[in-house]
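As C-alpha cells, the structure follows; a few thoughts come after it.
Here, each number is a calculation from the coordinates, and none is a lab measurement. In this text, all values refer to a predicted model and were calculated from it rather than measured experimentally. Here the Cβ positions follow ideal geometry from the backbone for every residue, glycine too, while neighbour counts run over all protein chains shown.
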Amino acid sequence: MLMAVSAAPALLSATAFLFALSGSGRFVLAVTLLAVGLGAALLARILCMRGSAAFAAAMEHQAAELSVSDRPQRQACEQLGSELLPIWSQQIETARAQTENAITDLTTCFSHLAGELRSATSMSSEVADSLEGGLGGVFGKAEKELQSVVNTLQRALEDRDGLLKQINGLDTFVDELDTMAQDVAT
C-alpha cells in the first residue's frame, strides 16, 4: 500500500510529461521521471521495512536478554518502542510527502520549460522562414528594379546615339547648304 501511494505521483508526472511534451525526448523524460518516482517509492518501502524489522529485531533481542525479573525494564523498552514507532512512521510519511511535492514541482518546471522551448522553437522557425523568404524576395525585387533601371539607361544611350547620328547628319547637310549657297551667290 505504501509503495502504491508513493508511486502515484511518479506515474502521474510521467503521464503528464507524455501529454505535455512533443518529440522523442518526452518518452525519455517520462521514463526517467517514472523511474525516479518508483525508486523513491521503493526506497520509502525499504526504509519502512528496515525500520520495522530493526525495531522488531531490537525488541526480540532485548526480550531474549531480559529475564523475567527484569520485567519493569522490559515494559519500559516496549513503551519506548511503542512511542518511537509512530514517530518513525510519521518521519517516513513526511519523507514520502516531500518526495511527492518535489516530483510534482519538478514536473511543473519541466512542463513550463517544455512550453517555453516549444514557443522559442516556433518563434525561431518563423524568423528563419521570414528571413529566407523575405531576404530572397528583397533581393529578387531589387534585381528586377535594377534591371529596369539598366534597361532604361540602355534605351537612353541608344536614343542619344541616334540623336548624335542625326546631329552629325545635320552637320553634313549644313555643309552642303553652305556649298549650295556659295554656288548660288557666285
> In nm, to one decimal, how far is the Ser111 label point from the Leu163 one, both placed 7 Å along Cα→Cβ?
Replying inline: 7.7 nm
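Quote to one decimal, in nm, the extra length available between Arg71 and Asn101 on full extension: 0.36 nm per residue of separation minus the C-alpha distance between them.
Numbers: separation 30, 0.36 × 30 = 10.80 nm, distance 4.50 nm.
Taking Arg71 through Asn101 to full extension adds about 6.3 nm, to one decimal.
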>> Between Val149 and Ile46, what is the label-point separation in nm under the 7 Å Cα-to-beta-carbon projection?
In response: 7.7 nm
> How do 149-159, 101-111 rank on mean C-beta neighbours within 10 Å, highest first?
Replying inline: 101-111, 149-159
